[in-house]
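**Student:** Structure below; questions to follow.
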Protein chains: 2
Amino acid sequence: MKQHTLLMPLDMHLHLRDGLMLENIGSLSAYSFSGALIMPNLVPPVSTKEELIAYKERIKHAIGVEAADEDEFDDIGEFCDDGGFEPYMTLFYQNYDENFLADVAEELTAIKLYPAGITTNSEGGVKNFDIEEMRPTLEAMARMDIPLCVHGETDGFVMDREAEFMNIYDELATNFPDLKIIMEHITTKAAVDMLDKHANLYATITVHHLLISLDDVAGGMLKPHLFCKPIAKRPEDRAVLLKIALEAHPKVMFGSDSAPHPKEAKESCGCAAGVFTAPIALQLLCDIFEKNGKLDNLQSFVSDNAQSIYGICPEFKEVTLVQEDFKVPETYKGVVPMYAGETLAWSIEDVD
Amino acid sequence: MKQHTLLMPLDMHLHLRDGLMLENIGSLSAYSFSGALIMPNLVPPVSTKEELIAYKERIKHAIGVEAADEDEFDDIGEFCDDGGFEPYMTLFYQNYDENFLADVAEELTAIKLYPAGITTNSEGGVKNFDIEEMRPTLEAMARMDIPLCVHGETDGFVMDREAEFMNIYDELATNFPDLKIIMEHITTKAAVDMLDKHANLYATITVHHLLISLDDVAGGMLKPHLFCKPIAKRPEDRAVLLKIALEAHPKVMFGSDSAPHPKEAKESCGCAAGVFTAPIALQLLCDIFEKNGKLDNLQSFVSDNAQSIYGICPEFKEVTLVQEDFKVPETYKGVVPMYAGETLAWSIEDVD
């Protein structure tokens, strides 16, 4: 039976929410991932040092892991730590001043920019992209080596929103050549083409955007559990995303964008955006990479590239997957996962 | 207060279903329309004379109108009859022989062609479009002046399906110049462009495709009650549809494609396709045409054009609408209508 071991898998785009939802689903990511970049779009969004630290504590508490004590780090070992799960924290982008950034820099891994109102809980985001208004913040971030993660969509026609955002990426990358800019959850050939245009552009890709197109969301029955933002695009777009993921393009990382909503919020007359994949992401990725004869590249896609791009040293974790049927539960504590009730070809056998 | 009277409104594309659903919703169409072209995609589809007659009887029974006795017709009046609602019946397209068609011709108004599996209950439809296989049936239909109504979608990418079907319309219209071909529920500029290419091509347009684009279905929250096939397309497509509807292009008719599903079938993990508009269609059309200064053209769009194209003489009905708020019910007997709970600008004041 085929096996595959992943070292320190990282989910570089994760929604853990807060309160009861966090407590219900946080441990699912903590089980199989070594760390994850935690999105800040709570209500209200995470935008102060105090909120950021408090949210990290709530996450650590919810997943049953006390906040890491830096003294315990094994400085001479191959890995920074010998267990657990690291929530790499992000702030919600605003025009912050340099003193504030200097004060909070140690606590965060990146700052996440949302255009105002473009997705769940993003009302306080950027209303226009006036480069000069943003310059002090973005230049300070570049000096401090704080990456900027971007939800790159305009408010245009739903199938065009990401492609229309490309000139904003272009402008940001050109104006701030020392700023690391992560194009989050890219879904289009346009974004893949943009990736190599600027040295300072990177990208995350979800597992669902490697698997589905708009046909899966709305081509047969309408599938609320596959509805997300950015919406899944054309099969040609998916093919291009799959290609760079499979080759583990060094500027590309896995980020699930796993986004839990209660079942009732998905199966209703106005379904919230988000696909919940955290507990099945590694199983799906093994299947995709194995089927395409690229299993050897999965380690880079799911961990090594992110370590290089972010300069992070994740908690040690060894996840062994096996090519054995895994029946996806109908729900995880009231949240319906992608492929609920279906059988996946790979299972997680062991986590060390 | 602005009023507008419509004479013999016709819905030239209507799903009345069967059994309890038919009994629950049939009278809503019968109330405000003089007649409707009834789609045959029951399970199993309506494909024999006996089934067609029996289905018509069930419809008449459900809406509380006995089957019309031809002897009662007022031959000298302006209109064929003095009340009620006429279900214009259709057969589900198969390759029928001429004798069968001759026998059933009196009972039907059109034959509806579905590509196999393309929408609700269409599994028994046409698997390929082999013109020579279809020739005997289509030539017989042309001789008998039986129009062919077509659900024009391929099994391609959901946003391309209608545009990809255009070469089949082209081929059908070219090969059967004496056959009236109705492009049902068109949603794209491609279909509008096709309309004037052949003298024997006509089209129906729904009210929801005049109002929504994919943005309304999946641009904000996902809206199952706006999910239909063909799916709503781009704003540019909607603009072109609106233009020919407002000018009451003589080859274009209103057909609601109103398609009821129980609320649970729409708000679930796999939502069925169909927008339920029958009880609000005339109110919406008045609003659209009035806002655009084209209220005088609505009579043609909603009745006169269909009378000319089909050569039908509908039951008399005079529907007076008034520019007065109408709050759309949350459900009609378990079926959620478009704009449930919202307030429309026009109401039906009186039906004679």
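**Student:** Report the residue, chosen from A:Lys266, A:Lys327, A:Lys60, that carries the largest GNM mean-square fluctuation when chain A is represented by alpha-carbon nodes joined by springs under 10 Å.
**Tutor:** A:Lys327
**Student:** Is any residue of the stretch B:115-154 close enough, with backbone N under 17 Å, to a label point placed 7 angstrom from the Cα of B:Asp97 along the Cα-Cβ axis, and if so, which?
**Tutor:** Backbone N within reach: B:133-141.
**Student:** Find the relative contact order for chain B and round it to a whole percent, using C-alpha pairs within less than 8 Å whose residues are 6+ positions apart.
**Tutor:** Relative contact order of chain B: 21 percent.
**Student:** Hey, another quick one. Can you give the extra length, in nm with one decimal, that the chain gains between A:Val43 and A:Thr343 once fully stretched, where that is 0.36 nm per residue apart less the Cα-Cα distance?
**Tutor:** Once the chain is fully extended between A:Val43 and A:Thr343, it gains 104.5 nm.
**Student:** If you don't mind, there's one more thing I want to ask. Taking 0.36 nm per residue of sequence separation and subtracting the Cα-Cα distance, how much length would be gained by fully extending the chain between B:Gln323 and B:Ile53, in nm to one decimal?
**Tutor:** Fully extending the segment from B:Gln323 to B:Ile53 adds 93.3 nm.
**Student:** Looking at the stretch A:3-351, what % of its DSSP beta bridges pair antiparallel, to the nearest 5?
**Tutor:** About 35 percent, rounded to the nearest 5.
**Student:** Measuring from label point to label point, each 7 Å out along Cα→Cβ, what is the A:Ser308 to A:Asp170 span in nm?
**Tutor:** Label at A:Ser308, label at A:Asp170, 2.7 nm between them.
**Student:** Compute the Cα gyration tensor for the stretch B:81-173, then decide on rounded, prolate or oblate, letting a ≥ b ≥ c be the square roots of its eigenvalues: rounded whenever a/c is under 1.5, prolate when a/b is larger than b/c in the other cases, and oblate in all that remain.
**Tutor:** On the way: a/c = 2.10, a/b = 1.40, b/c = 1.49.
Taking the square roots of the gyration eigenvalues as a ≥ b ≥ c, the stretch B:81-173 is oblate.
**Student:** Any idea what log10 I(q)/I(0) is at q = 0.07, 0.14 Å⁻¹ for chain A, Debye with uniform C-alpha scatterers and no solvent?
**Tutor:** Listed by q, the Debye log ratios stand at -0.26, -1.18.
**Student:** How large is the helix-only mean residue ellipticity at 222 nm for the protein assembly as shown, computed as the sum of -39500 (n - 2.57) over DSSP H runs with n ≥ 4, divided by its residue count, in deg cm²/dmol to the nearest 500?
**Tutor:** Taking each H run of at least 4 residues, the total per residue is -9000 deg cm²/dmol.
**Student:** Which residue, B:Phe289, B:Phe165, B:Phe129, tops the fluctuation ranking in a GNM of chain B built on C-alpha contacts under 10 Å?
**Tutor:** Largest GNM mean-square fluctuation: B:Phe129.
**Student:** Based on other C-beta atoms within 10 Å, arrange A:Tyr93, B:Tyr339 from fewest to most. Provide the component values of the computation, followed by the final result.
**Tutor:** Values: A:Tyr93 26, B:Tyr339 20.
By the 10 Å Cβ count, ascending: B:Tyr339, A:Tyr93.
**Student:** Tell me the distances, shortest first, between A:Met144 and the same position across the other copies, using label points 7 Å along Cα→Cβ, in nm to one decimal.
**Tutor:** Distances between equivalent label points, in nm: 7.9.
**Student:** Would you mind calculating the relative contact order of the stretch B:121-197 from Cα pairs under 8 angstrom and at least 6 residues apart, reporting the percent as a whole number?
**Tutor:** Here the relative contact order equals 33 percent.
**Student:** Using label points projected 7 Å from each Cα along Cα→Cβ, tell me how many nm separate B:Ile131 and B:Thr5, to one decimal.
**Tutor:** 4.9 nm
**Student:** Also, I was wondering about something else. Treating only the Cβ atoms of Lys and Arg (+1) and Asp and Glu (-1) as charged, compute the dipole magnitude of the protein assembly as shown about its Cα centre; round to the nearest 20 debye.
**Tutor:** Taking the Cα centre of the protein assembly as shown as origin, the dipole is about 360 debye.
**Student:** Taking a label point 7 Å from Cα toward Cβ, how far is A:Asn167 from its twins in the other copies, in nm, shortest first?
**Tutor:** Inter-copy label distances (nm, one decimal, shortest first): 3.5.
**Student:** Along Cα-to-Cβ, 7 Å out, sits the label point; list in nm, shortest first, how far the one on A:His61 is from those in the other copies.
**Tutor:** Those label-point separations list as 6.5 nm.
**Student:** Still on this structure, I have one more. Give, rounded to the nearest 20 debye, the magnitude of the charge dipole that chain A has about its Cα centre when Lys and Arg contribute +1 at Cβ and Asp and Glu contribute -1 at Cβ.
**Tutor:** 1460 debye
**Student:** Add +1 for every Lys or Arg and -1 for every Asp or Glu among the other residues with Cβ under 11 Å from the Cβ of B:Pro262, and state the total.
**Tutor:** Charge balance near B:Pro262 sits at +2.
Read the figures in this text as sums done on the coordinates, not as results from a lab. Values in this document were obtained by computation on a predicted structure and should not be read as measured data. Here Cβ is always computed from backbone atoms with ideal geometry, including for glycine, and neighbour counts include all displayed protein chains.
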